[in-house]
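The values are calculated or read from the model by the stated rules, or taken from the named source; none is laboratory data. Note that the structure is a prediction, hence the values are computed from the model and not measured. With ideal geometry, Cβ positions are generated from the backbone for all residues, glycine too; neighbour counts draw on all protein chains shown.
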Amino acid sequence: MSDKTREMWELPESQGLDALFVTSQANQRYLEGFTGADCFMLATREGNYLIADSRYTEMAESECRSAAVVPHRAPNPPVQHVVSRLARDNGLRRIGFERGKLIWGLYDDIAKALEDAGAELVPVSSLVERVRAKKTADEAEMIEAACAIADRALEDVLPVVKAGISELDLKIELDYRMRTGGAEDTAFDTMVLFGARGSQPHANSRRDVPLKAGDFILIDFGALRDGYRSDTTRTFVFGRASDEQRRAYMTVLESQTASLEKVAPGSNGRDINDLALGIIRGAGLPAFEYGIGHGVGLEIHEEPFMRQNTDVILEAGMVVTIEPGSYKPGWGGIRIEDTVLVTPDGHRVLSRFPKELTEL
Ligand code: ZN
Ligand code: ZN
């Protein structure tokens with residue numbers, strides 16, 4: 001049993017759990033290296049079972065580190081019968097399930113089938129996620145490689161930025177450069193937003209929005225490399241920045257660099273969030289309401305989540321974003337975001353694209 005697996009079992013063991021029914025794809029990948037979708041895992045202390053239908057059995061056999069692959073779905077029994085048989089065969093009584101990751105219909109089917117086997121489903125949260133939050137050196141390296149691909153792609157796409165190009169076309173150009181530059185995919189749906197549209201922190205890029213002089217260009221993007229992701233946002237001005245744009249940008253930059261400085265083992269995410277908010281509000285600007293940052297890894301948003309009124313103590317090995325912003329409907333938005341590794345003596349910023357105000 002690896003140290004990570006042992007760590008994962010500490011809590012369920014203390015709660016008397018015999019197994020964990022894993023429906024999160026990222027958790028399946030983390031535990032067994034399996035990259036498929038639509039499959040289920042029953043993790044026990046003695047070993048894991050990967051329950052797959054015929055589309056995935058061969059793939060699971062070749063990818064899983066140690067799990068026994070068990071087929072389900074016709075001509076094999078449905079998943080709930082497979083789970084109850086494994087419970088009976090292995091003497092599993094209390095089986096944890098990921099409360100945020102299991103749909104009701106499947107929960108209901110499995111709970112009923114387990115009743116016949118004298119076993120029950122027990123809700124748990126964040127068992128694997130909490131272990132995943134602290135990256136190994138190898139994982140941190142993969143995230144750093146994804147960041148480097150994204151940095152290079154953004155630099156390469158800037159010559160394409162011209163009056164009249166649409167948000168969607170610029171996004172496609174950036175995505176193309178990330179993928180040809182070594183990413184297997186984008187880390188998430190890239191956001192390219194022009195002008196006033198930047199006040200919607202997570203809007204979709206559109207083909208009917210052309211770039212005009214004086215627009216902010218907000219680009220939130222990341223690369224996916226070996227399953228691991230990067231997450232960066234930069235905001236540019238197309239043409240000359242107005243005094244108001246410059247003042248707002250410098251405030252968000254100050255907020256971002258000051259909060260970034262606080263990233264270290266032992267720091268509380270709540271304090272980092274409050275510091276970033278205070279600088280933006282102190283300048284009389286509207287401040288972001290989402291949290292200052294989130295973990296990044298196999299998923300684009302994962303633990304730890306740093307936000308208002310939530311204590312989260314950072315630990316060495318965590319990879320988090322720092323992404324304050326200011327958004328004003330009808331005017332636009334500014335966000336500056338980096339992906340950062342918490343190191344034993346502080347932090348290392350993994351996304352390195354320059355942040356000073358850039359007029360394109
Ligand atoms: Zn982002
Ligand atoms: Zn982010």
Here's a check for you: in the range 188-221, which residue that is of a type in the set (D, E) and outside any strand (DSSP E or B) is farthest from ligand 1 (Cβ to nearest atom)?
D208
Taking the condition within 25 Å of E120 (Cβ to Cβ) and at pLDDT 95 or above, does Y30 pass?
no
Regarding G295, is this residue away from ligand 2 (no atom under 16 Å from the Cβ) and under 26 Å from R29 (Cα atoms)?
no
Between V319, V312, V252, which is more than 30 Å from Q25 (Cα to Cα), touching a residue at least 40 places away in the same chain (Cβ under 8 Å) and in contact with a strand residue (DSSP E or B) (Cβ under 9 Å, 6 or more places away or on another chain)?
V252
Considering the range 298-323, residues that are more than 14 Å from ligand 2 (Cβ to nearest atom) and not aliphatic (A, V, I, L, M), and then whichever is nearest to V349 (Cα to Cα), we arrive at G317
Scanning the range 306-360 for residues that are outside any loop (DSSP other than H, G, I, E, B), of a type outside the set (A, V, I, L, M) and under 17 Å from A241 (Cα atoms) gives S326, Y327, K328, G332, G333, R335, E359
In the list F216, F188, which residue meets the criterion of being at pLDDT 95 or above, surrounded by 21 or more Cβ atoms within 10 Å (Cβ to Cβ) and of a type in the set (F, W, Y)?
F216
Go through (1) part of a loop (DSSP other than H, G, I, E, B); (2) touching a helix residue (DSSP H, G or I) at 6+ places or on another chain (Cβ under 7 Å) one by one and return the number of the condition L224 breaks.
(1)
